[in-house]
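We did not get these values from a lab; they are worked out from the coordinates using the rules stated. These figures come from a predicted structure and were not determined experimentally. Don't worry about glycine lacking a Cβ; one is built from the backbone with ideal geometry, like all the others, and counts go over all protein chains shown.
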Amino acid sequence: MRWENLTEESEHGRAADAALFGADAVTTRTFDTPEFRGITFHEVRARSVLNRVPGASRMPFEWTVNPYRGCTHACVYCFARKTHSYLDLDTGVGFDTQIVVKVNAPDVLRRQLGSRRWQGDHVAMGTNVDCYQRAEGRYRLMPGIISALTEHANPFSILTKGTLILRDLELLVRASEVTDVGISVSVGFLDTGLWRTVEPGTPAPERRLDVVRTLGEHGIGCGVLMAPVIPFLSDDPAQLRATVRAIAAAGATSVTPLALHLRPGAREWFMAWLAQHHPHLVRRYERLYAEGAYAPKWYQRRITRQVHELAQEYGIGPARAGLARRIRPAEPAQAPAGPEPVQLSLL
Ligand code: SF4
């Protein structure tokens, strides 16, 4: 593994000079419990955890914190798979089972937030891999991270598929009393059969909607990133309607649809899955994604329009592209999302 390549910039696909970890800082562990069987954890001590998003990125935030790399949620379509190749790790099963853990992330973050050079910018989490994946149940890094951000009244957002976020509910409520906290949960569809095969390590969509509901009950408005909408598998009008209706019933403050995109690293893995589970769709996908990683604009626009119409029908506030913000009662409705995709890992 090329630990010397674990640089701040390389998390976003760019080469950089300064190494983030030394090879001697790696400890490898396995746990013989059912939930972690077959998974290897690589514990590293990070020198920096605040990552600056490259200027050319289309992401709607500038700073991220990612305490983990690799994700046991194992979504077949996850575009973050590519980032595992920077470590000489496999982007298929390796991404799902070889998890890098920055064990000192809370301490390093606290130090960085206290630096005179830090300007107090918004910090986004869950943008590369899920910070509430199963490993978080054991390593418990997020409580320290949230506490550090709260101590500095530093605005932040979290995007997740993990119900584990409710463990930190009190901390999130406390943080929201001193700074802006934005939580988004990713729910692309409700279909149980599809969920079991394409997002095999994630909590069920209904459980994720329970997270939305519970956060709302505790005064933390929660948006839903309806991602990915999977062409020919979760995009027919009845499926879109059922999903948006359930999102509305959970009390989401916004819904932002995002059609599946297939970047290198994820594309091969997804197409192999498609050939195994839905072989009759392979040719249609090759045609739909013939131009590259994104579905054609007409397709993206159609999905966006349909979801926004349904959101209006079910009374969900329209969403702004990117992470949903914490909604205060007096805030005006936000502008609707455009068809331009946001480059998240489709959490
Ligand atoms: S899409 Fe998100 S939850 Fe799924 S594997 Fe990737 S990082 Fe994990």
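With a simple spin-label model that places each label point 7 Å from the Cα along the Cα-to-Cβ direction, the separation between residue 277 and residue 169 comes to 3.1 nm.
How long is the gain from residue 52 to residue 268 if the chain were fully straight, where each residue apart is worth 0.36 nm and the alpha carbon distance is subtracted?
Going from the current span to full extension adds 74.9 nm.
Give, in nm to one decimal, the length gained when the segment between residue 206 and residue 115 is fully stretched (0.36 nm per residue of separation minus the Cα-Cα distance).
Details: separation 91, 0.36 × 91 = 32.76 nm, distance 4.13 nm.
Taking 0.36 nm per residue and subtracting the Cα distance, the gain is 28.6 nm.
Summarising the strand pairing of segment 3-313, around 25 percent of its internal DSSP beta bridges are antiparallel.
Using DSSP to call loops (not H, G, I, E or B), can you name the chymotrypsin sites (Phe, Trp or Tyr not before Pro) in segment 111-142 whose Cβ has at most 15 other Cβ atoms within 10 angstrom? Filter output for segment 111-142: 118.
Cross-link partners among lysines for residue 161, C-alpha distance below 26 Å, same-chain residues fewer than 8 apart left out? Cross-link targets: 82, 102. P(r) tail, segment 3-313: Cα-Cα pairs separated by more than 31 Å, 29% of all pairs. Between residue 138 and residue 90, the modelled labels are 1.9 nm apart [label points 7 Å from Cα along Cα→Cβ].
Filter the trypsin sites (Lys or Arg not before Pro) in segment 59-146 to those in DSSP coil with at most 12 other Cβ atoms within 10 Å of their Cβ, and list the result. Display every interim value, and only then the final one.
Details: sites: 69, 81, 82, 102, 110, 111, 116, 117, 134, 138, 140; in loops: 116, 117, 134, 140.
Here the sparse-neighbourhood loop sites are 116, 117.
Separation of segment 175-252 from segment 264-305 is 22 Å, based on Cα centroids.
Couplings for segment 170-179, taken from phi via the Karplus curve 6.51 cos²θ - 1.76 cosθ + 1.60 with θ = phi - 60°, read 4, 5, 5, 4, 4, 4, 5, 7, 10, 7 Hz in order; Gly and Pro are left as x.
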